[in-house]
Amino acid sequence: MERIFKIFFVALIFFINVNYIVGCEIKKNIEPNKEWWQTAQLYQIYPRSFKDSDGDGIGDLNGITDKLDYFKEIGITAVWLSPIFQSPMADFGYDIKDFYDIHYEYGTMKDFENLIKKAKQIGLKIILDFVPNHSSNESEWFKKSIDRDPEYEDFYVWEDGVDDPQNPGKKLPPSNWRSSFRGSAWQWNEKRQQFYLHQFGVQQPDLNYRNPRVVERMKHVLRFWLNKGVDGFRIDAILNLFEVPRFPNGTYSNEPKSGLTDDPEDFDYLEHIYTQNQPETIDMVYQWRQLVDDYKRVHNTETKVMLLEIYSSPEITSKMYGNMSMEGAHLPFNFNFIFQLNSNLNAKDVKAATDNWLLNIPSKRTANWVIGNHDRRRIGTRYGLEKIDHMNMLVMILPGVSVTYQGEELGMLDGIISWEETVDPAGCNSNSSIYEKFSRDPCRTPFQWDDTKNAGFTTKEKPWLPMAPKYEELNVKMELAAKESHLKIYKSLMELRKTKTIKFGDYKYDAISDDVFVVLRTYKDFKILLVENFSNKEQEVDLVKRFGALPELNLKIKNLGSNKDLGANFNVEKLILNKFEALVFTTKSLE
Ligand code: GLC
Ligand code: MG
């Protein structure tokens, strides 16, 4: 008996080893054990502009639910929704009146529960926007704070201000701080006879995170939505959460001039050393991470993920990921491709922006790539039409998580919106000659479903924002039917993202000249090679010189302008790239 057992045992060890070396099923053990979010394709929905189901010209939750299959079709792992909560819409939902309820134009709590249920059925994860820095000035909390209700009295940042020497009896704000939407960040309240702080619009009073009641209340909000079954949060405007501590007399340090603009009303007039990136913010992020991790453990769920909207130095961004003893956000957003690149971008710039992220994040953390959102110019408008596919290819082939803002898969362009049509407070608070510099309306125009009037977004004559140019060709219906389109390229990229080569493969990237950027992903003998020409001139490149001997590679995906043959084999030692050509090669078989 003992002998049989011994033989069995030796055989078992042998079997495990052989499989480990030869690599069949058991080799799973040697693959990095990645969680769902680490190889995810994220997609941002701007609910107001995605799909209108009830003909009021405004997108809504049932519209999203009706279109869930679209995400399956294009291969999305998780969608994050810009705010859907009750709001007077001064900042289109980023001014929340009730953190626990759905905005009436978007639907009801029942509609939301239905959306979650349907999403779960098809395996799509739903992430909500969490806006911790401020509420709406119409929220009950703020009203009670004005009335000095003891529970709410210190919910916001209230100060007396200082006597105005020019106007006896009048007060001046406690500091020179500017609002992100122009003008002073302090607003006088007649009833309470004090100023309140608003780092964004006047209608968005900043919550006071030095008050433990506020901290507790916002944690309650997070738990409420976790109980509804959401898969995580995108956390808004995290930089602004804390301000420098006040002086005992209720004033604050003035911020120095930045030298960036002469316009004293402009947010960029000052360097925001006292209103952004305060050390307390990092601790708050760690506390929220603890909360979502606790939730996961207690309820035995999949990981609830935290995405952070953070425009910061690599040093602070790294801290947001966590440190040796505390976990932070799973994914502090990487906006390098938005801020470090412009329409003249070349390969060297892409390399610098990539280095700036990959060489700075702590090891073992998951990288991520964002190229657009509801606050910034669209890719086609910002970098030029001919680079739309380049950018989608980059963010989907570089290692880590890739984030798509709705419509970027179609190559949607910014809308053209007159001063009269402008509704974004960042634009409206300026004037008719400079509003285009500030308004975010152009990137928020309705999603383009088809080539009918209003692009199939709404049946209403006039949607809340007009359609963007070229919607008749840049829409889901036409692009799915076309032989070649941005959407088809996006879908092919998504197929690649399912491979182990993208999920677990090694990576190398480089600017092999000023104009040509390359990325090589390798997993065992499998390879994916991206080659992008950012110039308007033909280029000849030698990839063997850069990467050493390469196996036979076939053209798998090409940008819209390319005339090369898909499937064909190319000599990568002497590869001729046409102007603005972007090509993805792979080994014949691919895992
Ligand atoms: C974030 C949002 C932006 C909003 C601001 C205030 O930056 O992305 O749209 O206006 O926060 O909540
Ligand atoms: Mg509607």
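The values are calculated or read from the model by the stated rules, or taken from the named source; none is laboratory data. Owing to the predicted nature of the structure, the values given are computational and were not obtained by experimental measurement. A quick note on method: Cβ atoms are made from the backbone with ideal geometry, for glycine too, and the neighbour counts reach across all protein chains shown. To get the accessible areas, we keep the full protein, side chains included, count just its heavy atoms, and leave off ligands, DNA and RNA. Shrake-Rupley method; radii C 1.70, N 1.55, O 1.52, S 1.80 Å.
What the table shows:
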quantity	calculated
When residues of segment 326-340 are limited to those that are among the aliphatic types (A, V, I, L, M) and not in a helix (DSSP H, G or I), the one most open to solvent (accessible area, probe 1.4 Å)	Met326
Evaluation of Asn571 against (1) of a type outside the set (Phe, Trp, Tyr); (2) modelled with pLDDT under 95; (3) within 25 Å of Met412 (Cβ to Cβ) (one fails), failing number	(3)
Subset of segment 117-140 (residues that are under 30 Å from Leu331 (Cβ atoms) and within 16 Å of ligand 1 (Cβ to nearest atom))	Ile127, Leu128, Asp129, Phe130, Val131, Pro132, Asn133, His134, Ser135, Ser136, Ser139
Residue match in segment 565-583 (condition: surrounded by 18 or more Cβ atoms within 10 Å (Cβ to Cβ) and over 19 Å from Asn346 (Cβ atoms))	yes
Yes/no for Tyr286 being open to solvent by less than 10 Å² (accessible area, probe 1.4 Å) and in contact with an Asp or Glu (Cβ under 9 Å, 6 or more places away or on another chain)	no
Some residue of segment 102-109 being in the same structural domain as Thr404 (by TED's automatic domain parsing), more than 12 Å from ligand 2 (Cβ to nearest atom) and open to solvent by less than 20 Å² (accessible area, probe 1.4 Å)	yes
Any hit, segment 494-501, residues being modelled with pLDDT of 95 or more, open to solvent by 70 Å² or more (accessible area, probe 1.4 Å), within 26 Å of the chain's Cα centre (by Cα) and more than 24 Å from Asp349 (Cα to Cα)	yes
Filter result (more than 16 Å from ligand 1 (Cβ to nearest atom) and touching a strand residue (DSSP E or B) at 6+ places or on another chain (Cβ under 8 Å)) within segment 101-114	Asp101, Ile102, Tyr104, Thr108, Met109, Asp111, Phe112
Cross-chain or 6+ apart pairs with Cβ under 8 Å, segment 185-200 first and in a loop (DSSP other than H, G, I, E, B) and away from ligand 1 (no atom under 16 Å from the Cβ), then aliphatic (A, V, I, L, M) and open to solvent by less than 40 Å² (accessible area, probe 1.4 Å)	Lys191/Ile146; Arg192/Ile146
Qualifying residue in segment 70-84 (condition: within 13 Å of ligand 2 (Cβ to nearest atom), at pLDDT 95 or above and surrounded by 19 or more Cβ atoms within 10 Å (Cβ to Cβ))	yes
Residue within segment 435-446 that is more than 16 Å from ligand 1 (Cβ to nearest atom), surrounded by fewer than 21 Cβ atoms within 10 Å (Cβ to Cβ), of a type outside the set (Ser, Thr, Tyr) and within 20 Å of Tyr46 (Cβ to Cβ) present	yes
Tally, over segment 129-156, of residues that are open to solvent by 10 Å² or more (accessible area, probe 1.4 Å) and closer than 27 Å to Ile235 by Cα	11
Flag for Arg182 being away from ligand 2 (no atom under 16 Å from the Cβ), open to solvent by 20 Å² or more (accessible area, probe 1.4 Å) and touching a helix residue (DSSP H, G or I) at 6+ places or on another chain (Cβ under 7 Å)	yes
Subset of segment 431-468 [over 18 Å from Ser53 (Cβ atoms) and out of contact with any helix residue (DSSP H, G or I) (no Cβ under 7 Å at 6 or more places or on another chain)]	Asn431, Ser432, Ser433, Ile434, Glu436, Lys437, Pro442, Cys443, Pro466, Ala468
Residue under evaluation Asp515, criteria (1) touching a helix residue (DSSP H, G or I) at 6+ places or on another chain (Cβ under 9 Å); (2) without any contact (Cβ under 8 Å) to a residue 40 or more places away in the chain, criterion not met	(2)
Where a residue in segment 214-226 is small (Gly, Ala, Ser) and its partner, wherever it lies, is part of a helix (DSSP H, G or I), with Cβ under 7 Å and at least six apart	none
Residues being buried (at least 20 other Cβ atoms within 10 Å of the Cβ), assigned to a helix (DSSP H, G or I) and of a type outside the set (Ser, Thr, Tyr) - total across segment 347-400	18
Any hit, segment 363-373, residues being in contact (Cβ under 8 Å) with a residue 60 or more places away in the chain, of a type in the set (Gly, Ala, Ser), within 15 Å of ligand 1 (Cβ to nearest atom) and within 26 Å of Pro314 (Cβ to Cβ)	yes
Residues (within 16 Å of ligand 1 (Cβ to nearest atom) and within 22 Å of Val214 (Cα to Cα)) located in segment 153-178	Tyr156, Val157
Single residue of Ser49, Ser53 found to be among the hydroxyl-bearing types (Ser, Thr, Tyr) and away from ligand 1 (no atom under 16 Å from the Cβ)	Ser53
Residue count, segment 201-223 (criterion: outside any loop (DSSP other than H, G, I, E, B) and within 13 Å of ligand 1 (Cβ to nearest atom))	2
Residue among Lys67, Lys51, Lys118 that alone is in contact with a helix residue (DSSP H, G or I) (Cβ under 6 Å, 6 or more places away or on another chain), among the basic types (Lys, Arg) and either within 16 Å of ligand 2 (Cβ to nearest atom) or open to solvent by less than 10 Å² (accessible area, probe 1.4 Å) (or both)	Lys51
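Okay, residues lined up against (1) at pLDDT 95 or above; (2) open to solvent by 30 Å² or more (accessible area, probe 1.4 Å); (3) not in a helix (DSSP H, G or I):
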{"residue": "Phe247", "(1), (2), (3)": "yes, yes, yes"}
{"residue": "Asp263", "(1), (2), (3)": "yes, yes, yes"}
{"residue": "Gln290", "(1), (2), (3)": "yes, yes, no"}
{"residue": "Asp293", "(1), (2), (3)": "yes, yes, no"}
{"residue": "Met320", "(1), (2), (3)": "yes, no, no"}
